[in-house]
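Read the structure below first, then the notes.
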């Protein structure tokens with residue numbers, strides 16, 4: 001893995017993910033709804049509903065264009081469209097000299113947000129992710145909102161490990177439902193394991209930023225953590241970059257998409 005770049009950020013690192021600043025008043029309300037409704041039963045229901053991947057087949061470019069009307073209500077840093085942010089992330093990875101498969105991962109990492117355009121509310125698609133079926137961590141943003149979640153008082157789900165065995169590994173853990181889990185399943189046969197961890201857990205800030213949920217991890221999770229952390233830097237800190245020039249960049253990314261995703265994806 002190449003070293004994470006040390007290029008100057010467009011704003012101080014402390015100003016990214018500054019939820020106290022309330023960049024948009026929708027952010028706090030988003031997390032109130034998210035933390036109230038993301039239960040284990042809800043997550044299992046959404047997996048049954050969506051992971052057949054039989055709703056629509058689209059090329060990567062068609063999916064990006066489909067998303068271009070969406071602005072993420074959970075994110076205090078971004079007012080750009082999703083295709084803007086996809087290119088910002090991919091270009092940050094590319095500038096750092098990372099492998100082409102990680103550049104491709106940057107381009108598609110938020111394609112799971114297409115769930116919003118299938119009718120899902122944003123609280124069931126975007127935002128930080130966290131395990132369900134075990135005790136909610138104080139390391140999550142706005143942890144006070146979990147008080148309204150019925151799982152917070154469940155006799156099993158509210159215990160530290162809940163339904164899981166120690167060291168079971170994140171692959172055995174049900175995460176809050178959203179775009180990360182969805183895009184992982186869409187492309188899990190097409191990218192290396194390191195890329196799949198970046199896709200599946202890039203919003204799992206309580207783990208990769210705060211170090212929570214360590215009792216659930218196995219050795220593979222620990223080995224993949226540096227990739228998740230590196231990818232997160234490209235995702236998060238590129239959000240202050242200027243709007244990318246789609247016309248100038250598209251030929252490179254069309255070639256990249258043809259290499260890694262030559263066929264339409266099943267959503």
- Message: Checking residue 233 against (1) surrounded by 14 or more Cβ atoms within 10 Å (Cβ to Cβ); (2) modelled with pLDDT of 95 or more, only one condition comes out false. Which one?
- Response: (2)
- Taking the options 142, 157, name whichever one is surrounded by fewer than 20 Cβ atoms within 10 Å (Cβ to Cβ) and more than 18 Å from residue 195 (Cβ to Cβ). 142
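Only one of these is surrounded by fewer than 19 Cβ atoms within 10 Å (Cβ to Cβ), in contact (Cβ under 8 Å) with a residue 12 or more places away in the chain and not in a helix (DSSP H, G or I): 220, 190. Name it.
Numbers: 220 fails: not in a helix (DSSP H, G or I).
Answer to the check: 190.
Quick test for you: out of 134, 116, 168, 140, pick the one residue that is in a loop (DSSP other than H, G, I, E, B) and within 17 Å of the chain's Cα centre (by Cα).
Values: 134 fails: within 17 Å of the chain's Cα centre (by Cα); 116 fails: in a loop (DSSP other than H, G, I, E, B); 168 fails: within 17 Å of the chain's Cα centre (by Cα).
Sole residue among the options that is in a loop (DSSP other than H, G, I, E, B) and within 17 Å of the chain's Cα centre (by Cα): 140.
Does residue 123 satisfy the criteria of being part of a loop (DSSP other than H, G, I, E, B) and within 15 Å of the chain's Cα centre (by Cα)?
Working: part of a loop (DSSP other than H, G, I, E, B): no; within 15 Å of the chain's Cα centre (by Cα): yes.
Against the criterion (part of a loop (DSSP other than H, G, I, E, B) and within 15 Å of the chain's Cα centre (by Cα)), residue 123 does not qualify.
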- Exactly one of (1) in contact with a helix residue (DSSP H, G or I) (Cβ under 9 Å, 6 or more places away or on another chain); (2) at pLDDT below 95; (3) in a helix (DSSP H, G or I); (4) farther than 23 Å from residue 253 by Cα is unmet by residue 10. Its number? (3)
- Item | Residue match in region 201-216 (condition: surrounded by fewer than 19 Cβ atoms within 10 Å (Cβ to Cβ) and in a helix (DSSP H, G or I)) | yes
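The values are calculated or read from the model by the stated rules, or taken from the named source; none is laboratory data. Predicted model only: the values in this text are computed from it and were never measured. When we count neighbours, we look across all protein chains shown, and the Cβ atoms used for this are built from the backbone with ideal geometry, even at glycine.
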